[in-house]
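Working notes, structure below.
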Amino acid sequence: MPFEGFTLRNYTRIPGEAGLQSSVVTSFGVATLSATIATTIGVLASFALTRYRFRLRELYRTFGIVPMIVPGVILGVGLRFYFQFLLPVEPGLLATVLTHSLYGLPFVLLIVTARLYTFDESLEEAARDLGADPLTTFRDVTLPVVAPAIAAGFLFAWIRSFEDYIRTLFVSGVDVTPLTQWMFGKITKASAENLNLLNSVSTLVVLAIAVALAAAMSYGNVTGYIAGTADEDEEE
């Protein structure tokens, strides 16, 4: 279609589009559940890898970031066979949440581990010297310092789950339709109206992800932790 001017008409179609709202709710639910699981496991693993010395520690660390490196098709196919033949998990919501949790784990692990490596443990020692028990020390000293990194890891895991299509394709089954699959279904039925609607939806999704990434990068100071300049940035 030739360009005829600017319009917001396609955005007004979004609330009433069949299947769109349910797919958005599904994506939000899957992303929130999987990011919560990934963050919980990632934080515990980060403390274990940075605070304790044990055999094969570096091997465990490597396994923790493998899901981020493995191509999506290979990870999706591998997990589909794993769920189908080794675990009693059929393709569907549970398989999708578990897959996205595994995919989001490396992002939490890398960010929180980087923060813990720059954490001054003498602060905890000072709190214990003043009579604080381990729980109080963690709540009042450790957690406030590490919380921004945990939040940033959660956001990264949430975003990676929300925008994923390839891995979801292999494990979601026929009953789970997240936003990415709904959008792909619209593309296969190519028409001017569908393409215009998809452009509008894509614009909103990109804006939402950009805002979330900006929040994660600034509030969590991700670049500072990775570059090792977090403490200098905080002092400034």
Completion exercise
So for R0 = 41 Å, FRET eff. of THR40-THR188 from the Cβ-Cβ r, to 0.05, ends up at 0.65
Problem - Binned Cα-Cα distances of region 19-231, short to long, each 10 Å bin given as a whole percent - result: 8, 29, 31, 20, 9, 3, 0
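What chymotrypsin sites (Phe, Trp or Tyr not before Pro) in region 54-90 are in a loop by DSSP, with at most 10 other Cβ atoms within 10 Å of the Cβ?
Numbers: sites: PHE54, TYR60, PHE63, PHE81, TYR82, PHE83, PHE85; in loops: PHE54.
Sparse-neighbourhood loop chymotrypsin sites (Phe, Trp or Tyr not before Pro): PHE54.
Please report the relative contact order for region 22-145, taking Cα pairs under 8 Å with a sequence separation of at least 6, and give it as a percent rounded to a whole number. Mind dumping the intermediate values first?
Values: 83 pairs, mean separation 45.8, N = 124.
It rounds to 37 percent for region 22-145.
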Problem - Label-reachable residues, region 152-169, where backbone N falls under 20 Å from a point 7 Å from ILE69's Cα toward its Cβ - result: 157, 167
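Calculate, in nm to one decimal, what ARG139 and ARG57 gain on full extension: separation in residues at 0.36 nm each, minus their alpha carbon distance.
The span from ARG139 to ARG57 would gain 26.9 nm if fully extended.
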Practice task
Set the Förster distance to 41 Å, then compute FRET efficiency between GLU125 and GLU163 from the Cβ-Cβ distance, nearest 0.05.
Solution key: 0.45
Completion exercise
The exposure ranking of THR36, THR168, THR26, fewest beta-carbon neighbours within 10 Å first, is THR36, THR26, THR168
Exercise for the section: Pop the C-beta distance of LEU94 and ALA48 into the FRET formula with R0 = 25 Å and round what comes out to the nearest 0.05. Expected result: 0.45
Problem - Column: log10 I(q)/I(0), Debye, Cα scatterers of region 127-216, q = 0.18, 0.21, 0.22 Å⁻¹ - result: -0.89, -1.04, -1.09
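Taking only Cα atoms of region 44-99, what ratio of Rg to Rh do you get with Rh as the Kirkwood inverse-distance radius?
Rg/Rh for region 44-99 comes to 1.09.
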Completion exercise
Cβ density ranking, 10 Å radius, fewest first, applied to ARG139, ARG160 yields ARG139, ARG160
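Quick note: the coordinates plus some simple rules give every number you see, no bench work behind them. Since the structure is predicted, the reported quantities are computational estimates derived from the model, not experimental observations. Ideal geometry is used to build each Cβ from the backbone, glycine not excepted, and the neighbour counts take in all protein chains shown.
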